[in-house]
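In what follows, a single structure is set out as structure tokens and then discussed.
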Amino acid sequence: MLILGLNMFHADASAAIVQDGEVVFAIAEERLNRIKHYGGFPSLAVKACLDAVGAKITDVDHVAVGQDSDANLAKKVRYALANPTKVLNFIRLRQKKQAMRDVRLLLAKALDLDSKQLRFQEHHLEHHLAHMASAYYCSPWEKAAGFSYDGSGDFVSTMMARCEGNEIEVLERVFLPHSLGSFYTMICEFIGYKKYGDEGKVMGLAPYGRPTYCQQVSEIISRKNGAFQLSLDYFKPLGSNQGMQIQADGTVKLAPHFSSRMKKLFGEPREPHAEITQRDMDLAYAMQRNFEEIFFHMANALHARVPSQNLAMAGGCALNSVANGKVFGRTPFRKTWIQPAAGDEGLAIGAALHTYHSVLKQPRRYALKNSYLGPEFADTRIKADLKKSGLKYKKLERGPLLAAVAEQIAAGNVVGWFQGRMEWGPRALGNRSIVAHPGLPNIKDVLNARIKHREWFRPFAPSILAERQSEYFEHDHPSPFMLHVYKIRPEKRAQICAVNHVDDTGRLQSVTREDNPLYYDLIRAFERRTGIPVLLNTSFNENEPIVCTPGEAIDCFKRTRMDVLAIGSFVVLKTEN
Ligand SMILES: [Fe+2]
């Protein structure tokens with residue numbers, strides 16, 4: 001049975017294909033059309049999914065969309081009626097959404113065929129239920145507490161659930177305009193991070209701040225009966241010109257969420273390229289602290305209702321790896337399973353798996369083991385692309401390739417590492433990565449000057465052999481998708497100084513041989529030379545979406561001052577080119 005999952009006309013449009021209950025292939029459209037966070041229809045992703053299973057759209061039995069504009073309709077109508085100036089806006093938005101709902105027509109158009117040929121059954125699933133499903137149905141658990149939170153989706157910002165067997169029972173929804181995601185985004189915008197997806201950057205700025213504004217910021221968001229509420233006068237009204245908008249070309253634009261009340265309290269907002277002041281850092285600190293307080297308040301309330309050790313999480317806010325890393329200290333949960341594509345691309349997987357398990361009542365046998373769900377390229381294709389590029393290259397067997405690359409990293413060189421299937425979700429996890437020595441004090445500056453051009457305050461992340469994690473970090477709960485930040489043990493901080501953030505933490509990826517044998521063996525080869533079972537790992541890109549094809553990796557290598565490119569069985573040295 002084939003189920004195609006879609007996230008469409010929403011940021012991070014994506015497609016996933018589920019064959020007999022197993023996610024076989026999944027990809028965000030941005031990786032194929034090269035438009036970051038693309039929010040149109042994922043035509044290329046759909047084609048890639050079908051190609052991956054050798055099927056035509058006429059072979060697909062079900063199509064599931066992680067969006068249902070009829071969900072929570074009564075709440076939307078009630079809000080619109082209480083805010084008469086917003087009624088027109090809501091009607092306009094609803095009409096637009098309905099025009100985009102004809103999945104049959106959209107797929108027929110994308111694949112150039114007559115919609116009458118399509119035999120699939122169509123399913124629409126509420127946004128947060130799709131997020132929740134993307135975590136719980138991918139987890140190995142039979143029972144868990146489910147938590148999903150983000151800016152908004154189908155008029156909801158937070159959902160809590162009891163997950164058991166095939167069923168996800170929704171216990172609680174927090175409706176708009178109250179949103180922990182919007183709270184975070186609003187302050188990010190105020191301190192000059194105005195682009196969609198900038199929230200992750202500001203998380204790295206927070207530890208440079210002091211607790212100056214914690215009290216004042218706590219007045220913007222407060223606890224309420226196991227959930228929270230916003231003080232709405234700090235925000236532009238919902239439905240006015242604020243929040244996320246998808247442009248005609250599929251790019252995503254953010255209009256400021258904050259009202260003049262923020263200015264009265266904190267002064268003028270920072271412009272994107274202005275100097276970052278202590279005020280901005282202190283606001284980032286207060287934002288992260290208050291975010292965590294509200295999150296733990298809700299997680300504890302959820303645990304009281306679902307007293308399980310297991311917490312399954314998704315939604316854009318579940319990318320807050322600092323909060324995720326504190327779950328074990330601040331709540332009774334002992335295990336987390338967080339969807340690697342916790343943002344909206346993950347909806348495609350969630351909608352498809354929900355259809356399989358909850359709608360079609362098929363048994364659960366599958367658990368997502370790793371995030372390598374994207375395309376891969378054979379050596380023949382890589383070789384052809386290398387030839388076309390005019391670069392000099394060497395072909396090596398597995399052992400010598402690992403030895404040569406480990407040697408280069410140990411010598412302080414920066415290596416583009418392109419291997420196997422591309423990662424699903426925003427993190428590069430050892431298949432589309434740039435890797436470097438984690439113990440060289442200047443390597444962060446080298447990477448930024450030569451390739452990444454990131455803000456000075458953003459840390460680089462470590463990949464560590466899973467069995468060595470507790471020697472280096474204060475928690476041993478695995479972080480396979482780089483979604484947890486833990487304290488680094490004092491005695492190891494100097495040894496891995498390039499991945500040790502200002503607050504002595506690291507957003508680690510725990511690597512097992514089972515998940516990624518080649519990457520695991522590369523770290524082992526590096527350890528044999530240096531005694532360090534860790535590599536610095538950052539995504540393989542300059543500013544664009546993470547590279548997907550060999551051609552894009554080769555272009556990035558040529559364009560930037562990367563020292564080495566290890567691509568499939570081939571090694572390319574900058575010094576020879
Ligand atoms: Fe979402």
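The values are calculated or read from the model by the stated rules, or taken from the named source; none is laboratory data. Model, not experiment: these values are computed from the prediction. Here Cβ is always computed from backbone atoms with ideal geometry, including for glycine, and neighbour counts include all displayed protein chains. The protein model used for the area step is the full one, side chains on, heavy atoms only, and it has no ligands, DNA or RNA in it. Shrake-Rupley method; radii C 1.70, N 1.55, O 1.52, S 1.80 Å.
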Worksheet item: What is the diffusion coefficient of the chain in µm²/s, taking the Kirkwood radius over Cα pairs and the Stokes-Einstein relation at 20 °C with a viscosity of 1.002 mPa s?
Response: 88 µm²/s
Worksheet entry | Charge dipole of the stretch 474-577 about the Cα centre (unit charges at C-beta), most positive-ward option of G531, Y520, N500 | G531
Worksheet entry | Contact order normalised by residue count of the chain, Cα under 8 Å, 6+ apart, percent | 16 percent
Worksheet item: In the chain, carbon and sulfur make up what percent of the accessible area (probe 1.4 Å)?
Response: 50 percent
Worksheet item: So how much accessible area does K444 have, in Å² to the nearest 10, using a 1.4 Å probe?
Response: 40 Å²
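Ordered by packing density, taken as the mean number of other Cβ atoms within 10 Å over each peptide's residues, highest first, how do 540-551, 10-21 rank?
Highest-to-lowest ranking by the protection proxy: 10-21, 540-551.
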Fill in: Length released on extending from E271 to A494, taking residue separation times 0.36 nm less the Cα-Cα span
76.7 nm
Worksheet entry | Farthest positive-ward along the chain dipole, Cα basis, beta-carbon charges - from G568, A28, N413 | N413
Worksheet item: If the cut-off is 15 Å between C-alpha atoms, which aspartates and glutamates fall inside it for K56, apart from same-chain ones fewer than 8 positions away?
Response: D112, D114
Practice prompt. Calculate, for the chain, the solvent-accessible area per residue in square angstrom, rolling a 1.4 angstrom probe over the heavy atoms of the protein chains.
Written response: 38 Å²
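Which percentage, to the nearest 5, of the DSSP beta bridges contained in the stretch 394-512 is antiparallel?
Looking only at bridges with both residues in the stretch 394-512, the antiparallel portion is about 75 percent.
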Fill in: Cα Rg, Dmax, the stretch 348-388, angstrom units
17.5, 51
Worksheet item: GluC sites (Glu not before Pro) within the stretch 251-336: which are DSSP loop residues with at most 11 other Cβ atoms inside 10 Å?
Response: E275
Item to complete: Can you tell me which of 502-514, 429-441 comes out highest on packing, and rank the rest after it, using the mean Cβ neighbours within 10 Å?
Response: 429-441, 502-514
Worksheet item: When ranked by the protection proxy of mean other Cβ atoms within 10 Å per residue, highest first, what sequence do the peptides 322-334, 412-424 form?
Response: 412-424, 322-334
Worksheet, complete the sentence: Rounded to one decimal in nm, the spacing of the 7 Å Cα→Cβ label points at F296 and N577 is 4.8 nm
Worksheet entry | Average Cα contact separation per residue, the stretch 482-577, under 8 Å, 6 or more apart, as relative contact order % | 15 percent
Item to complete: Taking the Cα centre of the chain as origin, sum charge times position over the Cβ atoms of Lys and Arg (+1) and Asp and Glu (-1), and report the length of that vector in debye to the nearest 20.
Response: 580 debye
Fill in: Mean separation of Cα contacts under 8 Å, 6 or more apart, over the residue count of the stretch 412-567: relative contact order %
35 percent
Practice prompt. Can you find, among F155, A130, I168, the residue farthest towards the positive end of the dipole of the stretch 129-205? Put +1 on the C-beta of Lys and Arg, -1 on that of Asp and Glu.
Written response: F155
Practice prompt. Only Lys, Arg, Asp and Glu count, each charged at its Cβ (+1, +1, -1, -1), so figure out the dipole size of the stretch 434-577 about its Cα centre, rounded to 20 debye.
Written response: 360 debye
Discussion item. At 0.36 nm per residue, and after removing the present C-alpha to C-alpha distance, how many nm does the segment from K387 to E407 gain when stretched out fully?
Written reply: 4.7 nm
Worksheet item: aspartates and glutamates within cross-link reach of K492: Cα-Cα under 17 Å, excluding same-chain residues under 8 positions apart?
Response: E467, E471, E474, D476, D503, D504, E527
Worksheet entry | Assigned charges on the beta-carbon of Lys, Arg, Asp, Glu; the stretch 353-461 dipole about Cα centre (debye) | 340 debye
Worksheet item: Can you work out the base-10 log of I(q)/I(0) for the stretch 229-278 at q = 0.18, 0.30 1/Å, using the Debye formula on its C-alpha atoms alone?
Response: -0.74, -1.11
Worksheet item: In terms of the Cα gyration tensor, with a ≥ b ≥ c the square roots of its eigenvalues, is the stretch 393-551 rounded because a/c is under 1.5, prolate because a/b exceeds b/c, or oblate?
Response: rounded
Worksheet item: For the stretch 436-523, what ratio Rg/Rh do Cα atoms give with a Kirkwood hydrodynamic radius?
Response: 0.96
Item to complete: Could you check what % of the DSSP bridge pairs in the chain are antiparallel, to the nearest 5?
Response: 70 percent
Worksheet item: Where in the stretch 119-151 does the label zone of V53 land, with the point 7 angstrom along Cα→C-beta and an amide N cut-off under 13 Å?
Response: 120-121
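Can you tell me how much longer the chain between A304 and A82 gets when fully stretched, taken as 0.36 nm per residue apart minus their C-alpha distance, in nm with one decimal?
76.5 nm
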